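Asks: First, the structure itself, so that you have it in front of you.
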Amino acid sequence: MLKTLLAGIDFEEPSHLVARQLIGVTLLVDGVGGRIVETEAYDREDPASHAYSGPTERNAAMFGPPAHAYVYRSYGIHWCLNFVCREEGHGAGVLIRALEPVAGIAAMRARRHTDNDYLLCSGPGKLCQALGVTRDLNGSSLWAPPFALLPAPAGIEVVTGPRIGISKAMEVPWRFGLAGSRYVSRSFPRR
């Protein structure tokens, strides 16, 4: 377990548990990033997951060791960053959907061509552009540069809801967010 424990999170746990625990963790890529405010979990038994049909050249990193990056292009346009979970060979991950910008904001603004801090990281494609994440980081360890993960502060309140932007298993409540955050990509249903 010690080899997969990072920022107080055991990446060998099921993806929906890791996704919840990542809320409030600070993610930095070459010193640029912020507090994770929105995630989504995916597992190989989930028809919405890239791992559902088994390993391919595109999703091979998702079946690799935990606490590594799985980076893929969405709709042929945007890069998306996932953290691999569970034991090697399983095929599970957590999509990092949104961050609250806290470090390297000038670099993010330049990469995103906006001064609106909400628009910097309020969606997985925006987040990757702001942080400079590309396919080059696919399979990279979260333990080593350019990545850094810092533990979440105590007392984080997490909200849940259905995942968005998918066409299968939409009802699964594996989307997690920081309660009250204005930086999530889409608001969560009120309880």
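Just so it is clear, none of the values below were taken in a lab; they were calculated from the coordinates. Because the structure is a prediction, the values reported are computed rather than measured. Cβ: placed from backbone, ideal geometry, glycine included. Neighbour counts: every protein chain shown.
Asks: Order by neighbour count: LEU142, LEU17, fewest other Cβ atoms within 10 Å first, most last.
Replies: With the sparsest Cβ surroundings first, the list reads LEU17, LEU142.
Asks: Enumerate the residues in the range 121-155 having an amide nitrogen under 18 Å from the point lying 7 Å beyond the Cα of ALA106 toward its Cβ.
Replies: Residues 130-132 fall inside that zone.
Asks: If you build a Gaussian network model of the chain, linking Cα atoms that sit under 10 Å apart, which residue out of GLU157, GLU57, GLU13 swings the most?
Replies: Its mean-square fluctuation being the largest, the pick is GLU57.
Asks: Before anything else, pin down the relative contact order of the chain: Cα pairs under 8 Å, at least 6 apart, normalised by residue count, whole percent.
Replies: 27 percent
Asks: Which percent of Cα-Cα pairs in the chain sits in each 5 Å bin, short to long?
Replies: P(r) for the chain, in whole percents per bin: 1, 9, 18, 23, 22, 16, 8, 2, 0.
Asks: Something else about it: Can you give me the long-range amide H partners of LEU81? Hydrogens built in the peptide plane at 1.01 Å from N, cutoff under 5 Å, separation of 5 or more residues or another chain.
Replies: Hits under the 5 Å cutoff: ILE96.
Asks: Per-residue counts of other Cβ atoms within 10 Å, averaged by peptide: what ranking do you get for 96-107, 120-131, highest first?
Replies: Highest-to-lowest ranking by the protection proxy: 120-131, 96-107.
Asks: Also, I was wondering about something else. Quick check: net charge around GLY104, other residues with Cβ under 15 Å of its Cβ, Lys/Arg +1 and Asp/Glu -1?
Replies: +1
Asks: Pick from GLY155, GLY91, GLY177 the residue whose mean-square fluctuation is largest in a GNM of the chain, springs joining Cα atoms under 10 Å.
Replies: GLY155
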